[in-house]
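A short write-up of the structure that comes next.
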Amino acid sequence: MDRVTKMASERPVVIFSKSTCCMCYTVKSLFNDFGVNPAVHELDEIPRGKDIEQALSSRLGCNPSVPAVFIGGEFVGGTNEVMSLHLNRSLIPMLKKAGALWL
């Protein structure tokens, strides 16, 4: 879990993803459309990706385990949470506060 915490704090927006996951693609596209450049960790392509996925699932309760989105080093959630934040107009202010967006 320490590794996840360290990775999650390396950039204003960090996404743990899998390259074959359509919901991960949707979340990454949303951030890219805003002009945010998140750090993306494709768990199916990096060493010890399975260990990170296990930590996300068991310690943070991510179900499914990806996408797992961190903004400003804090765990936000997965697709449902990110889309809910977007729909209730809370996502952009969060991104600005974290320094990921300058609009």
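The values are calculated or read from the model by the stated rules, or taken from the named source; none is laboratory data. Remember, predicted model here, so these are calculated numbers, not experimental data. Methodologically, a virtual Cβ is constructed for each residue, glycine included, from the backbone with ideal geometry; neighbour enumeration extends over all protein chains shown. Remember, those area values only see protein heavy atoms, side chains included, never the ligands or the DNA or RNA. Shrake-Rupley method; radii C 1.70, N 1.55, O 1.52, S 1.80 Å.
Structure values in brief
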item: Most fluctuating residue given options 82, 69, 13, as computed from a GNM of the chain linking Cα atoms under 10 Å; result: 82
item: Accessible area of residue 7 in the full protein assembly, 1.4 Å probe (Å², nearest 10); result: 20 Å²
item: Of 67, 12, 47, the one that fluctuates the most in a GNM where the chain has Cα springs shorter than 10 Å; result: 47
item: Long-range amide H partners of residue 44 with built H, under 5 Å; result: 19
item: Label corresponding to Rg/Rh (Cα atoms, Kirkwood Rh) when calculated from the structure given, among [x] 0.94; [y] 1.14; [z] 1.44; result: [x]
item: Separation of alpha-carbon centers, segment 10-36 and segment 39-56, rounded to whole Å; result: 14 Å
item: Cysteines without a disulfide-compatible partner [the chain; Cβ-Cβ under 4.7 Å]; result: 22, 62
item: Check: the chain dipole with +1 on Lys, Arg Cβ and -1 on Asp, Glu Cβ, in debye; result: 220 debye
item: Where labels lie 7 Å past Cα in the beta-carbon direction, separation of residue 63 and residue 32 in nm; result: 3.1 nm
item: Solvent-accessible area per residue, Å², over segment 1-98 with all protein chains present [probe radius 1.4 Å]; result: 57 Å²
item: Carbon + sulfur, % of accessible area of segment 19-103 - ligands and nucleic acids excluded, 1.4 Å; result: 51 percent
item: Residue-level accessible surface for residue 33, protein heavy atoms, 1.4 Å, Å²; result: 130 Å²
item: In order through segment 73-80: 3J(HN,Hα) via Karplus (6.51 cos²θ - 1.76 cosθ + 1.60), integer Hz, x for Gly, Pro; result: x, 9, 5, 9, x, x, 4, 4
